[in-house]
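Accompanying notes for the structure given below.
The values are calculated or read from the model by the stated rules, or taken from the named source; none is laboratory data. None of the values given here were measured: they were computed from a predicted structure. Cβ atoms come from the backbone with ideal geometry, glycine included; neighbour counts cover every protein chain shown. The accessibility values were calculated without ligands, DNA or RNA, using every heavy atom of the protein model including side chains. Shrake-Rupley method; radii C 1.70, N 1.55, O 1.52, S 1.80 Å.
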Amino acid sequence: MGHDLRVAWRMILSHRWFSAAVVTTLALGIGVNTMVFTLVNAVLFKPVAVRGGSRLVTISQRSLTQGDGSMRLSLPALHDYRSQASSLEALEATSAEEGVLSERGNPPQSYSMQRATSGIFEMLHIPPVLGRGFLPGDDRPGAPPVLLLGYGVWKERYGSSPAVIGRAVRVNEQPATIIGVMPDGFKFPVNSEMWMPLAPTPKLEQRDNRALTVFAMLKPGVSAQQASVELNAIAHRLAIQYPTTDKDLTVLVETFHQHYNGGSVRVIFLLMLAAVGFVLLVACANVANMMLSRALGRQREMSIRAALGASRWRVVRQVLIESVLLSVLGGVLGLGLAMMGVHWFDLSTRVVRPYWIQFTMDYPVFGYFAGLCIASGLLFGIAPALHSSRVELNEVLKEGARSVGKHRGGRFSSVLVVFQFALTLVLLSGAGIFVHSLLQNLSANRSVPARQLMTARIDFPEVRYKDTDSRQRFYDQLLPRLRALPGVTHVAIVSSLPGLGSGRREVEIEHSVVDVKAKRPQAALIAQSPGYFDSIHLPLLLGRDFDDTDGTANHRSAILTRECADHFWPGQTAIGKRFRFYDDDKQPGDWITVVGVTANLVQDLNEKDPRPLLFVPFRQEGWNGMALVVESSVDPATGVRAAVQNLDQELPLREVSMLTEAVEQREWFLQVITKVFLGFALIALLMASVGLYAVIAHATGSRTQEIGVRMALGANTHNIMMLVMKRGLWQIAAGLALGIGAAFPVTRFMASLPIGVSPSDPAVFVVVAVVLASVGLFACWLPARKAAALDPVKAIRYE
């Protein structure tokens, strides 16, 4: 073995340029695979970075009769499972809400907050870096309210001052005392910034109020499956004890990753892993072609080895060791590329990803990397090794290495090139779908002046703004002040911004009653103020805009998009028609009259089958959380903040940004994945093109004498170029045909997944095929041009 390693190393050094090409190709293939496995491992498999993180699970419920969606737990159910379960070391719960932190001398600011049971930090073994955590009495009724700050809040709002401990503040307009600061980077469970004790209330004590997200630490040696069996036995007993609220409920025990990183996130990362698998196959096919070409040139060497007594296994082993050594060298370079890629992905997602996902390389990643290096070396080395071991000694010594085996090797090389082009086309088609979907989403609602629209959300504290009238009075004072700001042309409020989703309601069309509730149509619902259509430049096609009387008693009104009007009243004029909403309890509301029809608007960028969209006056719905929409020629953020603070000093503005930024934030994941898939596809395209060029160039070199004779007999430049390119052209055609056949089902599968991509578009396949064919033709043209420029005399004498 040591002798074989030394020989392999000498061969690598003696063919430096060939070895460099192999190592570079493998570095790309192994590097992107290691990068993506690092990401997949962090998102789907690596335990949460707390003591006993592999035993941390989530507990949820599922109804056997109401679909597959999971439900949270009620506080009484939490107490029942905590007292009866023996497989759990701890059982704690949280409830998410927005926390407005205010105090004298500091403007109010909204943070993501969790109400948590007192043992939550003890279960996670995460103590504060300053002050203390929750004590058992902190979550009892009547206990003084206390607050734990996240490290970022402490640093940004209080300048990392230790004097913050014991400071009296107000959270959602209720007094509280700061008792501690959590460590840097800790944001349990999902990017939380503040924590308060979860004190029982009469509402929380109701068994049908399932408001808690529950976490548990399994006892050592207990699996999630074992805990699930025990908790479901408890659920069965509770169903008998409380048939009204707990009937047909089962318990679902999931790991952290299963609960938070399932669905589309899991699908995306597994798709990435499959895509880089394709890249590695293209790389191995490319290197196998290169190794096979060199094996044809080493026939004399291998024949002499066999004549001196080397067995076929010894020859195979020598070539495989050389292949694995090249793969290891490529892997070392690829590891550096992988680290750079992981760092880029980490920076691209740091703001929005859950805090517990850490893109770092650990033992499983390095084990995967080592296995990949060895497996890749064996994969691309086996065919050249077997070819080299089939020695025909007499023919080699009699005819020379160049002529022997070229037909055997040439056919297999052609198959590898076809395979490369087919895989590359599949990758390019997948990347094309992502690019097409991203461009469609970002270019939706082109008439909306997103770059001139500042947006911000206002959430009213229910203590002081208990009803729609009080909120309407606030807006009646705020909107005129905003319109008076310099540069402002339009101002309105809306429940959801264009492209960022909507509410949803069941509707009943007058004179078209549907008896079966399951078949009652649904509509997407937007609440707004008068002037919203002018703010987003959405033209009114029929009827009128809302006025100040719309939404009041006996003046229930709505405006529909053209698609919505055609959906509910095809072939009719929608103006004057009536419908009504059904609430969550399936009770009908008042009849609503259609007063206008607008142009169409894409309200949810990621919804494949959007529901009919309609608009109602804010007075009519009176939602709490609304967004300001301010069209201005200058940045109005400072003036908007001042206007809000002048009306209510404890009311913060949230999510202040331009509409373009809000849309891009919504599409961040699709943007990142598009770049990743496009990068993979371009790498595969480069390798496939280089592989085709290498095969054609090698085949042309082996036919130099033949080309010289043809030229001497009168063949012109066109004849020679077509002779050389003919082989590459049929390889390109075969690869495109095979690739399109595989790409159609792959892209249809991707479009069916809940990841926000559009169905496959024939234009994507046309563009991809043209790009791939063009690059392939260029790769064929280069050696053909070189062959056509040969000197016939020198070519005939070529050996």
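Odds and ends about this structure:
- Residue within the range 127-145 that is out of contact with any Phe, Trp or Tyr (no Cβ under 6 Å at 6 or more places or on another chain), of a type in the set (V, I, T) and surrounded by 15 or more Cβ atoms within 10 Å (Cβ to Cβ) present: no
- Complete set of residues in the range 333-365 that are more than 24 Å from the chain's Cα centre (by Cα) and without any contact (Cβ under 8 Å) to a residue 60 or more places away in the chain: Y363
- The numbered conditions (1) polar (S, T, N, Q); (2) closer than 22 Å to L231 by Cα; (3) more than 35 Å from the chain's Cα centre (by Cα) are all true for S95 except (3).
- Among the residues listed as A518, A574, A558, A523, the single one being among the small types (G, A, S) and at pLDDT 90 or above: A558
- Pick from the range 164-174, criterion modelled with pLDDT under 90 and assigned to a loop (DSSP other than H, G, I, E, B), ranking: surrounded by the most Cβ atoms within 10 Å (Cβ to Cβ): N172
- Given (1) open to solvent by 50 Å² or more (accessible area, probe 1.4 Å); (2) within 24 Å of G221 (Cα to Cα); (3) assigned to a helix (DSSP H, G or I), index of the condition A49 fails: (3)
- Considering (1) farther than 30 Å from A694 by Cβ; (2) part of a helix (DSSP H, G or I); (3) more than 23 Å from the chain's Cα centre (by Cα); (4) aliphatic (A, V, I, L, M), the lone condition that A42 does not fulfil carries the number (3).
- Total residues in the range 538-549, condition surrounded by fewer than 23 Cβ atoms within 10 Å (Cβ to Cβ) and touching a residue at least 60 places away in the same chain (Cβ under 8 Å): 2
- Evaluation of S535 against (1) polar (S, T, N, Q); (2) open to solvent by 60 Å² or more (accessible area, probe 1.4 Å); (3) under 21 Å from G622 (Cα atoms) (one fails), failing number: (2)
- Among (1) in a helix (DSSP H, G or I); (2) touching a Phe, Trp or Tyr at 6+ places or on another chain (Cβ under 9 Å); (3) modelled with pLDDT of 85 or more - the single one M361 does not satisfy: (1)
- Whenever a residue of the range 599-617 is more than 16 Å from R505 (Cα to Cα), its partners that are open to solvent by 20 Å² or more (accessible area, probe 1.4 Å) and part of a loop (DSSP other than H, G, I, E, B), lying with C-beta atoms within less than 7 angstrom and at least six residues away or across chains, give the pairs A599/P539; L601/N445; V602/A444; V602/N445; L605/A444.
- Flag set for R451, criterion: part of a helix (DSSP H, G or I), modelled with pLDDT of 85 or more and open to solvent by 40 Å² or more (accessible area, probe 1.4 Å).
- Taking the criterion of being more than 12 Å from M340 (Cβ to Cβ), open to solvent by less than 10 Å² (accessible area, probe 1.4 Å) and touching a Phe, Trp or Tyr at 6+ places or on another chain (Cβ under 7 Å), the residues of the range 27-45 that qualify are L39, V40, A42, V43.
- Among the residues listed as A274, A283, the single one being surrounded by fewer than 18 Cβ atoms within 10 Å (Cβ to Cβ) and assigned to a helix (DSSP H, G or I): A274
- When residues of the range 723-774 are limited to those that are of a type in the set (S, T, N, Q) and in a helix (DSSP H, G or I), the one modelled with the highest pLDDT: S774
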